[in-house]
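All remarks here apply to the structure that follows.
Read-outs throughout are calculated quantities, based only on the coordinates presented, and are distinct from any laboratory measurement. The shown structure was predicted, so the numbers you read here are calculated from the model rather than taken from an experiment. Positions of Cβ are backbone-derived with ideal geometry, glycine not excepted, and every protein chain shown enters the neighbour counts.
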Amino acid sequence: MTSPLQQKIKITGPSVVTANRTWDGIVIYRDTQQGWTDELADAAIVRTADEARALLAESTADDVDAIGPYIAPVIVRDDGAIEPGNLRERIRRQGVTIDLPIPA
Amino acid sequence: MYAYDEIDRTLVNERVSEFRDQVKRRLSGELTEDEFKMLRLMNGVYLQLHAYMLRVAIPYGTLSAPQLRKMAHVARRYDRGYGHFTTRQNIQFNWIKLADLPDALEDLASVGIHAMQTSGNCVRNVTTDQWAGVAPGEVEDPRIWAELLRQYSTMHPEFTYLPRKFKIAITASDHDRAAIKVHDIGLRLLKNASGETGFEVLVGGGLGRTPFIGKVIKPFVAGRDILSYVESILRVYNQYGRRDNIYKARIKILVHELGIEKFSAEVEEEWQAMRDSALQLDDEIVADIRSRFQYPGYQTLSDTPDELTAASADPQFERWLNNSVAKHQKPGYAIVTLSLKPIGGPPGDATADQMDAIADLADKYSFGEIRVGHEQNLALPNVAKRDLPALWQRLDELGLATPNVNLITDIIACPGLDYCSLANARAIPIAQELTRRFANHELAEMIGRLHINISGCINACGHHHVGHIGILGVEKNNAEFYQITIGGRADEGAVVGTLIGPAVPYDDVANVIEDIVESYLALRARPDELFYQTVERLGVEPFKERVYATR
Ligand code: HEM
Ligand code: SF4
């Protein structure tokens with residue numbers, strides 16, 4: 001894999017770094033404490049390509065806890081609430097859009 | 001059923017303990033994800049959007065009752081209480097934790113089930129007709145040959161790292177339920193003029209980004225030569241297949257680029273040099289494999305039992321009987337399809353409770369055997385006709401008697417954007433909405449056989465190209481859109497469907513399909529002219545006009 005430091009990174013707005021947690025696969029976000037959280041609200045938000053590159057590099061370095069970190073867009077509401085920036089990320093955050101055969 | 005021997009069992013158990021060790025090393029950080037990824041894929045473990053997914057092969061779609069109960073156990077204990085049957089005679093568990101996977105695999109190994117060959121660039125699990133061994137008129141049970149190929153190809157050192165994955169399918173019936181024309185190699189079992197058993201061999205079929213219908217490479221290869229012939233194909237592919245470009249790496253591209261004549265000449269040359277090698281099958285080997293398939297002790301039963309005649313007065317039973325019950329080789333018996341396509345439900349899902357109940361029904365009514373078909377339904381292959389009314393009662397209670405087999409609501413759909421990390425768009429909710437639109441069984445029967453296939457991206461896991469109506473999810477400006485094709489077929493007359501026009505948005509897909517079906521009903525020449533036949537006769541224009549006239 002190309003090191004994030006060498007990747008061309010473009011972001012169009014506020015973004016986070018997201019991945020899946022290694023031991024159980026659930027969706028996680030890089031937080032501001034150099035760790036991971038399963039709450040989008042606690043994710044570190046980056047707004048420039050340089051910030052994004054640095055956050056991704058830091059995330060990628062943690063290969064033990066997380067799989068496949070990447071930058072994903074978010075929407076920051078006026079009241080500060082953070083929402084996923086596209087449908088894929090919405091589904092990753094909120095789960096399947098259908099009723100599961102056995103309710104969770 | 002096939003009886004596994006000691007070698008198989010040891011192999012499967014060794015694989016599980018190896019994987020347990022690998023998982024431990026991954027969790028401790030000793031293995032990086034880059035190093036581990038290949039190892040987990042070799043054991044059928046994928047990463048989806050929300051969790052890991054375990055894909056387990058069901059060789060030639062044949063399951064025993066204890067095996068199905070073990071699937072139920074895995075679903076309940078390690079997953080969220082259900083499993084998903086796929087278009088490749090696999091089952092997938094969508095929510096398994098990496099830390100639990102070795103235990104789950106060990107539990108499955110205890111009944112001879114494993115996840116080998118469900119991923120990676122190897123020869124994948126060989127698929128066949130889900131009615132093998134019971135379909136009337138079949139040449140011979142194709143599973144004997146599927147098993148020979150499985151034993152030959154499982155972890156074959158030369159073919160574990162092919163340019164790309166490799167799928168073989170076998171049919172032994174005139175009506176091809178195994179979709180052999182869209183596989184890398186398709187084998188049709190037949191007898192030649194002198195009564196010898198062998199295969200018509202097709203090569204280079206496949207769906208995905210560049211769909212191709214397989215071409216006949218050799219009209220007859222004798223059974224004893226089939227391994228050497230398949231090996232010759234694999235060798236030519238291994239040598240010339242494009243390893244530089246993943247989109248061009250499948251054998252279909254090689255066959256297309258070389259042309260079937262040149263490709264078959266290469267194979268022929270390879271084959272002539274090795275056909276008399278150790279790969280030649282003597283009759284004893286084939287007989288040994290054949291003897292390991294145990295067939296039920298069928299009784300001599302009436303083909304028109306009183307129980308059946310009496311129950312046929314109930315129109316609901318009668319509807320199910322006509323739709324979901326098929327003829328068996330033995331008089332007095334029937335093949336019963338269990339629809340995993342309830343109205344409004346996700347195609348192919350079965351709960352742990354349903355799996356347990358089906359296993360019990362198999363024990364009671366089907367000599368302990370269950371089949372898994374590529375249409376994402378299950379079947380009980382050996383039901384005495386006199387038991388059909390009692391079986392139906394129970395299936396109906398379990399939600400497994402929707403009389404929609406092969407009808408418009410028997411939709412094949414991939415997991416799409418609800419689960420799959422490669423998806424552009426959702427597939428399951430589209431299927432659910434369509435089943436609601438066509439929930440009226442009388443309407444569905446009036447429409448007749450019509451297969452809808454949905455894929456969430458160009459990888460085509462939902463086989464959209466060969467659906468009579470195909471629906472493919474694409475992304476446009478961050479929104480879900482769907483391309484519609486019509487006129488595809490997956491059976492002996494396989495063709496790739498034709499695109500009718502620009503993609504339509506998520507909310508409009510069901511309306512478009514309704515328009516297409518209404519046009520068909522207005523245009524068909526006779527009530528028994530099937531949808532794909534009308535498309536064949538008239539082309540896509542009239543459908544296109546109707547769909548885009550108001551859009
Ligand atoms: C959600 C996890 C899945 C992933 C990541 C996945 C991935 C893929 C990929 C990458 C391909 C294309 C390979 C190629 O042709 O080059 C493919 C093909 C295929 N997949 Fe899946 N798949 C998934 C689930 C499924 C399911 C649930 C089914 C069955 C319902 C399925 C059935 C197939 C089939 C039949 C093909 C072959 C199409 C062909 O003939 O070329 N897959 N899959
Ligand atoms: S077709 Fe695409 S979206 Fe559907 S399961 Fe396959 S890879 Fe995923």
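How high is the FRET efficiency between B:Arg209 and B:Gln294 when r is their beta carbon distance and R₀ equals 51 Å, given to the nearest 0.05? Approximately 0.75, to the nearest 0.05.
Converting phi to 3J(HN,Hα) with the Karplus coefficients 6.51, -1.76 and 1.60 and the offset θ = phi - 60°, the range B:402-407 yields 4, x, 10, 4, 6, 9 Hz in sequence order, with x at every glycine or proline.
Cysteines in chain B that lack a partner Cβ within the 4.7 Å cut-off: B:Cys122, B:Cys420, B:Cys457. Over all directions, the projected convex hull of the C-alpha atoms in the range B:238-331 averages 12.9 nm² in area.
Note that the range B:303-314 has calculated 3J(HN,Hα) couplings of 7, 10, x, 4, 4, 5, 4, 5, 5, 5, 5, 7 Hz, one per residue in order, obtained from phi through the Karplus relation 6.51 cos²θ - 1.76 cosθ + 1.60 (θ = phi - 60°); glycine and proline are x. For the range B:322-428, applying the loop criterion from DSSP together with a ceiling of 11 other beta carbons within 10 Å to the GluC sites (Glu not before Pro) yields no site. If a/c stays under 1.5 just call it rounded; otherwise compare a/b with b/c (prolate if a/b is bigger, oblate if not). Do that for the range B:412-548, with a ≥ b ≥ c from the square roots of the Cα gyration tensor eigenvalues. Taking the square roots of the gyration eigenvalues as a ≥ b ≥ c, the range B:412-548 is prolate.
Of all lysines in the structure, the ones whose alpha carbon falls short of 26 Å from that of A:Lys10, not counting any fewer than 8 places away in one chain, are B:Lys476.
3J(HN,Hα) couplings calculated from phi for the range B:411-427 with the Karplus curve 6.51 cos²θ - 1.76 cosθ + 1.60 (θ = phi - 60°) are, in sequence order, 8, 8, 9, 7, x, x, 5, 6, 10, 8, 6, 9, 5, 9, 8, 6, 10 Hz; Gly and Pro show x. Among the listed pairs B:Lys327/B:Lys385; B:Lys215/B:Lys327; B:Lys70/B:Lys97; B:Lys165/B:Lys215; B:Lys167/B:Lys341; B:Lys37/B:Lys165, those with a Cα-Cα distance over 21 Å are B:Lys215/B:Lys327; B:Lys167/B:Lys341.
When its C-alpha radius of gyration is set against 2.2 N^0.38 Å (N residues), chain B gives a value of 0.95.
Among beta bridges from DSSP that stay inside the range B:114-247, the antiparallel ones total about 65%.
Remark: mean inter-chain Cβ contacts per residue of A:19-30 equal 5, using a 10 Å Cβ-Cβ cutoff to other protein chain atoms.
With a 10 Å cut-off around each Cβ of B:18-26, the average count of Cβ atoms from other chains is 1. When both bridge partners sit in the protein assembly as shown, DSSP labels roughly 85% of those beta bridges antiparallel. If you split all Cα-Cα distances of the range A:15-89 into 10 Å bins from zero, what percentages do you get per bin, shortest first? The calculated distribution, bin by bin, is 21, 56, 21, 1. Taking the square roots of 5 times each eigenvalue of the Cα gyration tensor of the range B:149-298, largest first, gives ellipsoid semi-axes of 26, 18, 16 Å. Scaling against 2.2 N^0.38 Å puts the C-alpha radius of gyration of the range B:263-410 at 1.39. Under 5 Å from the amide H of B:Arg426 lie the amide H atoms of B:Leu417, each residue being 5 or more positions distant or on a separate chain, with H modelled from the backbone and absent for Pro and chain starts. In a simple Cβ point-charge model (Lys, Arg +1; Asp, Glu -1; nothing else charged), chain B has a dipole of about 1040 debye relative to its Cα centre.
Rounded to the nearest 10 degrees, what's the angle between the helix A:49-61 long axis and the longest principal axis of chain A, both from Cα atoms, 0 to 90? The angle comes out near 70 degrees.
When you restrict to C-alpha pairs under 8 Å that are six or more residues apart and normalise by the size of the range B:6-109, the relative contact order lands at 30 percent.
For the protein assembly as shown, the dipole from Cβ point charges (+1 on Lys and Arg, -1 on Asp and Glu) about the Cα centre works out to 1020 debye, to the nearest 20. Cα centroids of the range B:454-494 and the range B:185-212: how far apart, whole angstrom? What the calculation gives is 24 Å, centre to centre. Taking the square roots of five times each eigenvalue of the Cα gyration tensor of the range A:51-104, the equivalent ellipsoid has semi-axes of 25, 19, 9 Å, listed largest first.
Checking every one of the trypsin sites (Lys or Arg not before Pro) in the range A:9-60 against DSSP loop status and a limit of 16 other Cβ atoms within 10 Å picks out A:Lys10, A:Arg47.
Note on B:419-425: average number of Cβ atoms from other chains within 10 Å of each residue's Cβ is 2.
Taking the alpha carbon gyration tensor of the range B:6-109, multiplying each eigenvalue by 5 and rooting it gives semi-axes of 22, 17, 12 Å, largest first. Rounded to 0.05, the FRET efficiency of the B:Val139 and A:Asp31 pair, given R0 = 60 Å and the Cβ-Cβ distance, is 0.45. Cα centroid separation, the range B:216-253 to the range B:43-79: 30 Å.
For the protein assembly as shown, the convex hull spanned by the alpha carbon atoms encloses 169 Å³ per residue.
In a DSSP loop and with at most 14 other Cβ atoms within 10 Å, the trypsin sites (Lys or Arg not before Pro) in the range B:114-210 are B:Arg209. Between the residues B:Ile484, B:Val126, A:Gly68, the greatest Cα displacement towards the positive end of the dipole of the protein assembly as shown, with unit charges on the Cβ of Lys, Arg, Asp and Glu, is found for B:Ile484.
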